[in-house]
Amino acid sequence: MYCEEEEKKREKEEEKEIYMSTFAIKNAIVVTCNENDEVIRDGAIIVDDNKITAVGRTKDLEEKIRECDEIIDGRDKIITPGLISVHDHVIGHVFKGFTEDGAEDYFYKHCFSMETFLNPENSYWFAYAGLMETLKFGCTMINDLFHYSQSTAEAVEDIGMKAIIQHKVFDIDLNNLQHKNYERFYDAGIKRLEENEELIKKWHNKADGRIKCWVGNHAPDTNSPELLKAGRELADKYGVGIHIHVAQTVQEHEMINNTYGMSSVKFLDSLGFLKDDVICAHLAFADTEDIAILERTGAKFAHCPVIMAKFGTFPRIKEFLTSKVPMAIGDDWVTLNPWGDMRAAIEVTRAVTGEALQYAIRAFRMMTIDAANLLNLGDETGSLEVGKKADLIVIDALRPNLVPMKDVIPSLVYNMTGNEVETVYVDGKKIVDEGRILAKDEIEVMRKTQSLAEEVWTKGGVWPE
Ligand SMILES: [Zn+2]
């Protein structure tokens, strides 16, 4: 009896150790993204279970570090917050590499119609492959709007990342869009909105709180005014946000202007759709009056410089950067490299304005703390500060593209490929180790993704080439 009790006690303690273990990384460069953009050389960070309990100079934290269960030497390493992308469609990985040269035409002609060949199973694998790409580059959280949103939720849960997920809601026929045919199928739209509600009921705050669910009205042209209003009501009912494309393409811009006699932003505002819980992606055609409406309503801007540059359009970036509209950066789809996004946010801005407007530190904040704030999660993630969740990445600084290093954040933003990311922690749990994802065998996922993609391309008439 006595022995049994001892055994139980020991088991309980072991259990406690698994869930409440502490670790410290010391002697590293720590990029905090706190309000002073503090970078601590010879820095250390201590994590207890899922939270950061100390950040500072190694020598000031020695005593606390000694008490940790695991002590990691971070010499020649840089620790930063996990990166956050505020606009994604990870299942769109099935369109990687062969759709980008076609820009907008290809988008309507091939992508939208090929989306009809997706199903819950292949979508899971395309989502997982997309997450795998961006996670290995240091992204710990995405904001994703697409079909088969529950497959995305499953992939996020399995790989160990964080996400806000919405279901793609629209009431046109995707095959008609290439012919600029906007015939409405309202009942199908309401069914999709019901699927969005199911997603919220099933997945909101699930996976230990790593997954949150919002409403995903796709765009002003692909949604009737009635469906947009119904989406607004659903978001209000559950107290969640809305993620929508706005003024994304020439086709949308022209359709909204021709049909309603106003811009996409004005149209949404006229429906009472815009509030401070709405994230508008792209805004490529938003003008000065539209920017004033966004400022008044508090609606936010997910800027996607890479996909916009591929489309050959770009928002009025100088006006946005100097406006009060909260903004952060998103990957969008097919190329999910946050470092490339940050560089494009700087370089394309300078190319289109002829001015040195955007800087490395701001671009970095737009994929860390500003991104967390955009998603209403700035209190729990996006920076390395005491009390926040331990969402962080460890970068190998001893790479030819990173030395010599004087100013840390610009060195990273201008030179990282993403392959220098060695370790990724989400909620204090290691999900990437030595550059490898721990959840599934990467090679198997990639082979499976390739064969499933070939099936979709065959149905879409673009395979074999
Ligand atoms: Zn998008």
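Against the list (1) more than 16 Å from the ligand (Cβ to nearest atom); (2) under 30 Å from LEU392 (Cβ atoms), the condition ASP290 fails is (2).
Put simply, of ASP144, ASP101 the only residue that is crowded, with 21+ Cβ neighbours inside 10 Å and either outside any helix (DSSP H, G or I) or without any contact (Cβ under 8 Å) to a residue 12 or more places away in the chain (or both) is ASP144.
Applying a threshold of 7 Å to beta carbon distances and a minimum spacing of six or more residues, or different chains, the list of pairs starting in region 83-95 at a residue that is farther than 27 Å from ILE395 by Cβ and ending at one that is away from the ligand (no atom under 11 Å from the Cβ) and among the aromatic types (Phe, Trp, Tyr) reads ILE91/PHE126; ILE91/TYR148; VAL94/PHE126.
Residue under question is GLY461, and the condition is that it be out of contact with any Pro (no Cβ under 9 Å at 6 or more places or on another chain), at pLDDT 95 or above and at positive phi; does it hold? No, not satisfied.
Of the strands (runs of 3 or more DSSP E) lying entirely inside region 348-465, those containing at least 1 residues that are open to solvent by 40 Å² or more (accessible area, probe 1.4 Å) are 421-426, 429-433.
Taking TYR414 as the residue in question, decide whether it is touching a residue at least 12 places away in the same chain (Cβ under 8 Å) and more than 27 Å from ILE211 (Cα to Cα).
Considered against the rule, which asks whether it is touching a residue at least 12 places away in the same chain (Cβ under 8 Å) and more than 27 Å from ILE211 (Cα to Cα), TYR414 comes out as yes.
Taking the numbered list (1) exposed (fewer than 15 other Cβ atoms within 10 Å of the Cβ); (2) within 24 Å of LEU377 (Cβ to Cβ) in turn, GLY241 passes all entries but (1).
Residues in region 245-268 that are open to solvent by 40 Å² or more (accessible area, probe 1.4 Å) and away from the ligand (no atom under 16 Å from the Cβ) were compared, and the one that is farthest from ASP287 (Cα to Cα) is THR259. The set of residues in region 312-338 that are within 15 Å of the ligand (Cβ to nearest atom) and either free of Cβ contacts under 8 Å to residues at least 12 places away in the same chain or open to solvent by less than 10 Å² (accessible area, probe 1.4 Å) (or both) comprises PRO315, ALA328, ILE329, GLY330, ASP331, ASP332, VAL334, LEU336.
Within the set ASP407, ASP370, the sole residue that is in the same structural domain as VAL306 (by TED's automatic domain parsing) and more than 30 Å from CYS68 (Cα to Cα) turns out to be ASP370.
I'd like the residue in region 75-93 that is surrounded by fewer than 23 Cβ atoms within 10 Å (Cβ to Cβ) and part of a loop (DSSP other than H, G, I, E, B) and, out of all such residues, is farthest from the ligand (Cβ to nearest atom). Top of the filtered list is ARG75.
The values are calculated or read from the model by the stated rules, or taken from the named source; none is laboratory data. If you're wondering where the values come from, they're calculated on a predicted model, not measured in any experiment. Every residue, glycine among them, receives a Cβ derived from its backbone with ideal geometry; neighbour counts consider all protein chains shown. To get the accessible areas, we keep the full protein, side chains included, count just its heavy atoms, and leave off ligands, DNA and RNA. Shrake-Rupley method; radii C 1.70, N 1.55, O 1.52, S 1.80 Å.
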